[in-house]
Amino acid sequence: MRMTYREALRTALTEALSADPRVFLMGEDVGRYGGAYAASKGLLEQFGPDRVRDTPLSESAFVGAGIGAALGGMRPIVEVMTVNFSLLALDQVVNSAATLRHMSGGQLSVPLVVRMATGGGRQVAAQHSHSLEGWYAHVPGIRVVAPATAHDARWMLPAALREPDPVFIFEHAMLYPEEGEVGEEPGPLPLFAAAIRRPGRDVTVIAHGGSVGKALAAAEQLATEGIEAEVLDLRSLRPLDDATILESVRRCHRAVVVDEGWRSGSLSAEIASRISEGAFFELDAPVARVCSAEVPIPYPKHLEDTALPQPDGICAAVRGVLQPAQAAGAKA
Amino acid sequence: MGEFRMPTLGADMVAGTLTEWYKHPGDVVNRGDIIAAVDTDKGSIDVEVFEDGVLERVVVEEGQKVPVGTLLAVIGSGAGAPAPAAAPSPPAAAAQVPPPTPPSAAAPAAPSPSAAPTAAPLPPAHGVRASPLARRLAADLRVDLTGITGSGPGGAIVKEDVEAAAARGGGDRSARMRRAIAAAMAKSNREIPHFYLATTIDLGAASAWLAQWNAAHPPAERLLPAVLLLKATALALLEFPELNARWEQESLQPAAEVHIGMVTSLRGGGLVIPAVHQVNRRTLPELMREVRELVQRARSGTLRSSDLTDGTVTVTSLGDRGADAVFGVIYPPQTALIGFGTPAERPWVVAGQVVPRQVVTASLAADHRASDGHRGGMFLATIARLLQQPEGL
Amino acid sequence: MATREAPPLPKTPAASGAIDAATARSWLGQMLLIRRFEEKAAELYSAGKIRGFLHLSIGEEAVSVAAIAALTEADNIVSTYREHGHALARGLPPGAVMAELYGKANGASRGRGGSMHIFDVGRRFYGGNAIVAGGLPLAVGLALADRLRPRPAITACFFGDGAVAEGEFHESLNLASLWKLPVLFLCENNYYAMGTALDRHQAETDISLKGGAYRVPSVAVDGMDVMATASAVRAAAEQVRSGAGPFLLECRTYRFRAHSMYDPELYRSKEEVEQWKRRDPIALFRARLEGGGILAAAAIEALDREARAVTDQAVAFAEAGEWEPVADLLKDVYARELPCG
């Protein structure tokens, strides 16, 4: 059935709250406001203020409280309004959520789900537009997923709730109004598996979250030029599904990594490294990357569009790894 | 001190890839020793050294493609040679490989262990811009990357280029060999004013003599008709030196010896023309042994440089291909090519009677700048005459 | 939707006392400019000229004008993402502010920041901070610098009631008090942290009581009353300027419009909004000026016409502005470019 990404999340939240009394939702404006992105609209009325809890603007405290509640036997879903705001809670994430199992010698579990919006494209400038999921993916002890489709928005949440460890779900802010087909079942893909969204043979375009649609748009354009790009949706950023990534690259022999994070020290760097570690002798060209320009995201549309990965840039990078003529003009 | 340079292993060779050093700095070398392998458009060739001494210094590393004439190594008296047990080069030696030295370059600085790495062989085509996949594939398909033009990013050789090279001829070497032959033959046809003559030769006496010889000798010493043809040709050439010569710089340069280049087809396609040396001086059993070895070396890809460069004339024999006659293309800068068709029984008039006789059609393709039809006809007649007295060969 | 009682009105008595015509004209003119400017901005947002977030301060104009009136040109101002009023009251050219909302190169921040990030260092206007409570530690630092240099100035730091829930608020008040730094903490309490009502995000809804824990003197004032607010700020600023350390002034006010341009306002009732609109700071001030014979209706109308005219000029200025070239995308990430990026 077709629904928006937003509705898919709401369906998943509704189901989770209905299915398990240990589940509760908390975060900034998730209740009366209906969620900054309206993902939780109506849930307060349905489940009451105990289970749909508006929090003060106290990210460190309510994320930390989510960790504590998970320790205490609950299954909290914490919504942080945007990844930029989550930085105020990074201490709790890195120093507590990610470490408690290990430093307690395996005694503690933090079955916590944290959802947050990420990414740019809405002209909300340099303090609301960043894609920092790659930072989270750096941290052992937590899991990081990025649903790119309404179907994944619907089914990643229940899968995350079944995990015994903290799972961070990054929802690209541009995706909420996107409509997509949502199946009845989670489907054959496990939570941490990558998905081939479009099969191809000439190049593997690796993307996640909000970049998947751009990669698919680029692939459509490239198809008119006779280039068949395979679009791989990472889905999971930690762990990375090396097997699927490498299998695709071994088939296509070229890879372009699209990452809305900044290029330096990015998730794209990690993926490119793994490709060269695992498929070096299958590579017919250097791995190319399409990342955000190394600038805080500027407000004006023309500058923001230029700063973020776009289908045209992805096409250019693909042409660059395929043909010498374009390689000369490709961005470094 | 001697200089060991990239030899020219054929008139059409402009560069070669040093694929392997058999000798290393400090090793004693003797004239005639095979000291290196060079990959050319025509195949891998073992290159010999022409002086005695000690291999003092390697200038061109394995995997490098350099122009003909490039200094490859320095052969010294041994006085200044490093000890044979010179310390192995550090792994970083690969990065210190000197660039190809142009033929005119002065000898590099004094030898030192680090400048003469003896590291393990580098991967082939070191320095060639090729993708990792292309390199791996080239190794699998035994395709040499050095001759391939890349179509990938920045002109890099990519998978498709290697596959295309392999598809052109079951391996790039064969494709390049075919191209090299094509180039030489085209050059020949462009530049050499050929003329052609043919005569049918009675092999009755030769066949009878051969049958007698072979019946009297063990299999290892038996002869093929080809050696009789070669020897007769060589002896005839002594009388017609303009056909055993080079045409270079608008002048004829007769050769001192008769080294007959023998067109040899390879199993994988393509052909080579290794030379049988001093055919005029050899006995028939010696020639037979020489021919066997040469064919075997040609087909196993272990020809020496001199095998390919020394020919003064070419003989092509289609003895087992069923053609009656062959009118060949001269291999420049030679001036003649002698062809033999398939020996066959034909009606033959002997003393007014038609009788069956073993005959062969001998043909001559000759450079009109060096010779003419009159001389050519006499030459073929000389071969025919010599074959009537096989015991004198 | 949730129904709840209207938030408590400020307990402080409305300030009485006289005001001269020039000051009245200045304050009312500024409040009218902010109002007309933001009304126009809303219109332009709907027309697609302004994008992203647009947080309007309509209803809160008295706080901007009164607070900044008590500051000198040497004082620093640290603001929030709802800062058009602060910027205009500080004297930033309306054209530069409007151009910033457009994202044009002639904007206050060269268009890079947009509505939430207006800066003007020449006027000591340190923006434009869109992480709630993110400005408070900066204000402490600016004051620390003034103390160390030394420079006789205070730092006024605006923040909303939502920021009180952040650790930065508490950490900053404590630090400023501990080091006796000249910070005037100006809380614009509009009773909602985005969509979450004060009594749903604060256990103690009287924000002015929170300073006590850090030994920061604190006062609450009716932020809809420009004269009361002005006198409270003046007193607080004098105290800070005297070297007594920081001061927390809670200005109780209300935003009449949505949190950003549009939201369904599920979190408050129309009745509540209407009740607050009856205390529109401009209407209250205007009535007092007219009633007291300080400004005639015609003079006030003239001020309003002027505010509209200035707004129109600001729009024209923004419209005439250029877009920054794409080639300059990486400008101003660092003071100087280094070869390794």
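Throughout, read-outs are computed from the coordinates displayed, never taken from laboratory work. Since the structure is predicted, the reported quantities are computational estimates derived from the model, not experimental observations. Ideal geometry is used to build each Cβ from the backbone, glycine not excepted, and the neighbour counts take in all protein chains shown.
Let me know the mean shielding of B:130-139 by other chains, meaning the per-residue number of their Cβ atoms within 10 Å of its Cβ. Spell out each step's value before the answer.
Working: counts 1, 10, 10, 10, 5, 2, 4, 4, 0, 1.
Whole-number average of other-chain Cβ neighbours for B:130-139 is 5.
Only Cα pairs under 8 Å and at least 6 apart count here; give the relative contact order of chain C as a rounded whole percent. Intermediate results must be reported in sequence, preceding the final value.
On the way: 647 pairs, mean separation 86.6, N = 341.
Normalised by residue count, the contact order of chain C is 25 percent.
Could you list C:LYS277, B:LYS65 so that the one with the fewest beta carbons within 10 Å of its beta carbon is first and the one with the most is last? Kindly include the intermediate steps, with their values, before the conclusion.
Numbers: C:LYS277 13, B:LYS65 24.
Fewest-to-most ranking of C:LYS277, B:LYS65: C:LYS277, B:LYS65.
Give me the percent relative contact order of segment C:169-281, please, defined on Cα pairs under 8 angstrom at least 6 residues apart. Write down the numbers at each step before the final one.
On the way: 152 pairs, mean separation 40.6, N = 113.
Relative contact order, segment C:169-281: 36 percent.
List every residue whose amide H lies under 5 Å from the amide H of B:LEU303, counting only residues 5 or more places away in sequence or on a different chain, with H placed 1.01 Å from N in the peptide plane.
The list, which skips near neighbours in sequence, is B:ASP46.
By DSSP, what percent of the beta bridges with both residues in segment A:195-329 are antiparallel, rounded to the nearest 5?
So the antiparallel bridges in segment A:195-329 amount to around 20 percent.
Calculate one ³J(HN,Hα) per residue across segment A:155-168 by plugging θ = phi - 60° into the Karplus curve 6.51 cos²θ - 1.76 cosθ + 1.60, and present them in order as whole Hz with x for glycine and proline.
9, 6, 4, x, 5, 5, 5, 7, 6, x, 10, x, 10, 9
Can you give the local net charge around A:TYR136? Use residues other than it whose beta-carbon is closer than 11 angstrom to its beta-carbon, Lys and Arg +1, Asp and Glu -1. Walk me through the numbers before you get to the answer.
On the way: positive: A:ARG143, A:ARG238; negative: A:GLU133.
Spelling it out: positives minus negatives among the neighbours equals +1.
Once you mark the GluC sites (Glu not before Pro) that are in a DSSP loop and have at most 15 other Cβ atoms within 10 Å, what is the longest gap between them in chain A?
Numbers: sites that count: A:GLU184, A:GLU225, A:GLU228, A:GLU294.
Within chain A, the longest run free of exposed GluC sites (Glu not before Pro) spans A:1-183.
Counting only DSSP beta bridges with both residues in the protein assembly as shown, tell me the antiparallel percent, nearest 5. Intermediate results must be reported in sequence, preceding the final value.
Details: 64 of 131 bridges.
Counting DSSP beta bridges with both partners in the protein assembly as shown, the antiparallel share is about 50 percent.
Helix A:210-223 against the longest principal axis of chain A: what's the angle in degrees, Cα atoms only, rounded to the nearest 10?
Rounded to the nearest ten degrees, it is 30.
B:GLU3's amide H: which non-local residues (gap 5+, or another chain) put their own amide H closer than 5 Å, with H modeled 1.01 Å from N in plane and none for Pro or chain starts?
HN-HN under 5 Å from B:GLU3: B:ILE75.
Cβ under 12 Å from C:ALA297's Cβ, C:ALA297 left aside: what net charge do those residues give with Lys, Arg +1 and Asp, Glu -1? Walk me through the intermediate numbers first.
Details: positive: C:ARG286; negative: C:GLU290, C:GLU301, C:ASP304.
Counting the neighbours of C:ALA297, the net charge comes to -2.
Jot down the per residue volume, in cubic angstrom and as a whole number, of the convex hull over the alpha-carbon atoms of the protein assembly as shown.
Numbers: hull volume 274.2 nm³, N = 1066.
Roughly 257 Å³ of hull volume per residue.
Spelling out what I want: for every residue of segment C:332-339, take phi, set θ = phi - 60°, compute 6.51 cos²θ - 1.76 cosθ + 1.60 (Karplus), and round to whole Hz; glycine and proline get x.
6, 8, 10, 5, 9, 7, 10, x
In a GNM of chain A with a 10 Å cut-off on Cα contacts, which of A:PRO177, A:PRO76, A:PRO147 has the highest mean-square fluctuation?
Looking only at A:PRO177, A:PRO76, A:PRO147, the biggest GNM fluctuation is shown by A:PRO177.
For the protein assembly as shown, what does the helix formula give at 222 nm: sum of -39500 (n - 2.57) over DSSP H segments with n ≥ 4, over the residue count, nearest 500 deg cm²/dmol?
Result for the protein assembly as shown: -10500 deg cm²/dmol, rounded to the nearest 500.
Would you please give the residues with an amide H less than 5 Å from that of C:GLY128, counting only those at least 5 places away or on a separate chain, with H modeled from the backbone geometry?
Here C:SER79, C:THR80, C:ILE118 satisfy the definition.
Quick one: angle between helix A:5-19 and the longest Cα principal axis of chain A, in degrees between 0 and 90, rounded to 10, please.
With rounding to tens, the tilt is 40 degrees.
Please list, in order along segment C:306-319, the HN-Hα scalar couplings obtained from phi with the Karplus expression 6.51 cos²θ - 1.76 cosθ + 1.60 (θ = phi - 60°), rounded to whole Hz, x for Gly and Pro.
Once θ is set to phi - 60°, the couplings for segment C:306-319 become 5, 4, 5, 5, 4, 4, 4, 5, 5, 5, 4, 4, 5, 4 Hz.
If the elastic network links every pair of Cα atoms under 10 Å, which of A:VAL110, A:VAL145, A:VAL124 fluctuates the most in the Gaussian network model of chain A?
Maximum fluctuation in the GNM of chain A, among the listed residues, is at A:VAL124.
Around C:LEU33, with a cut-off of 15 angstrom between Cβ atoms, what is the net charge of the other residues, counting Lys and Arg +1 and Asp and Glu -1? If you can, show how the numbers build up before the last one.
Numbers: positive: C:ARG25, C:ARG35, C:ARG36, C:LYS40, C:ARG90, C:ARG286, C:ARG305, C:ARG308; negative: C:GLU38, C:GLU39, C:GLU60, C:GLU61, C:GLU83, C:GLU301, C:ASP304, C:GLU306, C:ASP312.
In short, -1.
Which whole-number percent is the relative contact order of segment C:212-341 (Cα, under 8 Å, 6+ apart)?
Details: 68 pairs, mean separation 25.7, N = 130.
Reported relative contact order: 20 percent.
Taking other Cβ within 10 Å of each residue's Cβ, how do A:LEU246, C:LEU184 sort, fewest first? All intermediate terms of the calculation are to be shown ahead of the outcome.
Working: A:LEU246 18, C:LEU184 28.
The fewest-first ordering by Cβ neighbours comes to A:LEU246, C:LEU184.
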